[in-house]
Amino acid sequence: MSNEEIEEGVKRLKTIEERVRWLLKNFPATRNDDTWLLIRYWKHFDGLPVFIPDKFIWGNKRLTSFESIRRARQKIQARGEFLPTDPKILKRRKKMMAVYRQYAREE
């Protein structure tokens, strides 16, 4: 992965960070619930037409957090099990590792 590709990826992540900051400021409930934050992000910035009844956000039928599911998948695949079947996905994830490392180093 070239330095330009890494820099472009970091710019994209900074844009995402700015958007998340806006959501946290304008929708205080997103500060307490990552699932709600994710739904708001997808709805406001990605145009996802979504309606989820409040009982799935605040009630006893809560949705499993995206991060919990993603981490479980990541842990399974880190052990070499059930790796992506699409070589393009595997390649993209490896490339993004470099981008995330650079992004994490920056303030």
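Each value in this text was obtained by applying a stated rule to the coordinates, not by laboratory testing. If you're wondering where the values come from, they're calculated on a predicted model, not measured in any experiment. Neighbour counts are summed over all protein chains in view; Cβ atoms, including those assigned to glycine, are modelled from backbone coordinates with ideal geometry.
Miscellaneous remarks
- Principal-axis tilt of helix 87-105 within the chain, Cα atoms, nearest 10 degrees: 80
- Comparing ILE39, ALA29, THR15 along the charge dipole axis of the range 5-45, the residue lying farthest to the positive side is ALA29, per the Cβ-charge model.
- Surrounding net charge for ARG12, when Lys and Arg each add one and Asp and Glu each subtract one, Cβ distance under 14 Å: -3
- Within a straight-line Cα-Cα reach of under 20 Å, LYS43 can be paired with the following lysines, leaving aside sequence neighbours fewer than 8 residues apart in one chain: LYS14, LYS25, LYS55.
- Between the Cα long axis of helix 66-78 and the first principal axis of the chain there is an angle of about 30°, rounded to the nearest 10.
- Cα-only Debye scattering, the chain: base-10 log of I(q)/I(0) at q = 0.10, 0.24 Å⁻¹: -0.40, -1.27
- Taking every alpha-carbon pair under 8 Å whose residues sit at least 6 apart, the chain reaches a relative contact order of 32 percent.
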